[in-house]
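For reference, the structure is listed below as structure tokens.
The values are calculated or read from the model by the stated rules, or taken from the named source; none is laboratory data. Please read these numbers as outputs of a predicted model, since none were measured by experiment. So basically every Cβ, Gly included, is an ideal-geometry build from the backbone, and we count neighbours across all protein chains shown. With ligands, DNA and RNA removed, areas are computed over all heavy atoms of the protein, side chains included. Shrake-Rupley method; radii C 1.70, N 1.55, O 1.52, S 1.80 Å.
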Amino acid sequence: MPIKLSKNLPYEKILLVVGDRIGDTIFSIPAVHLLKNSLPEIKFDAMVFSKAAEQVLMHNPDIHNVHVSNKAAVNYKITQQYPLTINLIYELEREKKFFKIPTNNYLSIGKQDLTKHRALQIWEFVRDLLETPLQESSQQYMLYPQEQDRQSLLAKLHDLSVTSNDILIGIQLGCHRVAQRGWKIWNAQRHRHKKVWGIENYIALANALRELVPNSKLILTGAKSESFLAKMFKKQVPWATDLIGKTSVHELAILMDLVKVYITHDTGSLHIACARQTPLVTLFANTATPVAFTGPFPIKPHYCVINKENMSDITVKEVLDAVMKKLSPGYGSN
């Protein structure tokens, strides 16, 4: 008989296994919020496997404590300290890289449906575990940047000569897979991946945007291991501002409040932008990632998704038109 989570459950604390990537961690936030609101007397701790994932949960009032380790043996010992562990990321059971199933009470989301958004499936899994779930609970992602994050980000922009007169446009040139092989300097194709629009397209887009919006300022974002992308891009677009590898998760969240539109693929920064409800132009390919599974969530009118069979099917004009409509809603109406 599966455990039902109720206010009568004799547990003071429960461990939630969240994941190692920014996106996976963000997907869990609405479900964690539902748990804490339904069972306010229980302390919910989180287990994550990277510093980036830890940053996502910093200052989150629904989380009491965050464990950070990428060693399966250490994580197993941690799970043994809890009367119940709930795993929100099915892949961990399959990969066994960071995680070993505990011998104490254990609940897992199981294999997920690629035709339904991952965040919604996690939320529904948790809702079904609850004996008396809340009738209404927000499914919006929430991050909690602090004033020091805002001041730090503003100082960095100032040092890079970004002014209040600039129209800021954010661009993510890479993705998690590109970042993983960023250090492989001998790999001439390390900047290419089926999830990523070609850098030559971004260069053409940047030139077109500069003609149409002379005071636009392109802000490049990404992980430190993607810094080689900035070097490639700035050889052709020297006026771009490089913040790749220079922001924390919460500083990036503040940046999302400042940009007029953010252009990205399926990667962690997309979901940070969704948490801040930033106007989006996001690019997906059916051969890479199902947009229904990891696309923008919850859907908002100011999110534009360009989804083709392959990234190479997406044209510069399509992206340019989508960006310009965010900057100037009447663009192209004549």
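Taking only the C-alpha atoms, wrap a convex hull around segment 107-152 and report its volume per residue in Å³ as a whole number.
On the way: hull volume 6.8 nm³, N = 46.
Here the figure is 149 Å³ per residue.
What translational diffusion coefficient, to the nearest whole µm²/s, does segment 1-145 have by Stokes-Einstein, given a Kirkwood radius computed over alpha-carbon pairs, a temperature of 4 °C and 1.567 mPa s viscosity? So the translational diffusion coefficient is about 86 µm²/s. Given springs between every Cα pair under 10 Å in a Gaussian network model of the chain, which of 320, 129, 212 has the largest fluctuation? Answer for the Gaussian network model of the chain: 212.
Counted over all Cα-Cα pairs of segment 245-334, pairs farther apart than 19 Å make up 41 percent.
With both labels modelled 7 Å from their Cα along Cα-to-Cβ, the residue 211 to residue 165 distance reads 2.4 nm. Per residue, the chain exposes 46 Å² of accessible surface when a 1.4 Å probe is rolled over the protein heavy atoms with every protein chain present. Stretching residue 127 away from residue 78 to a fully extended chain increases their span by 15.1 nm, per 0.36 nm per residue minus the current alpha-carbon distance. Taking 58, 256 and ordering them by how much accessible surface each has at a 1.4 Å probe, largest first, produces 58, 256.
Tell me what the chain gives for mean residue ellipticity at 222 nm when only DSSP H runs of n ≥ 4 count, each as -39,500 (n - 2.57), the sum divided by the residue total, rounded to 500 deg cm²/dmol. My calculation for the chain gives -11000 deg cm²/dmol from helical runs alone. Full extension of the chain between residue 194 and residue 4 yields a length gain of 64.3 nm, computed as 0.36 nm times the residue separation minus the alpha carbon distance. Ligands, DNA and RNA left out, the accessible area of the chain computed with a 1.4 Å probe is 51% carbon and sulfur.
With contacts taken as Cα pairs under 8 Å at a separation of at least 6 residues, segment 219-334 carries a relative contact order of 19 percent.
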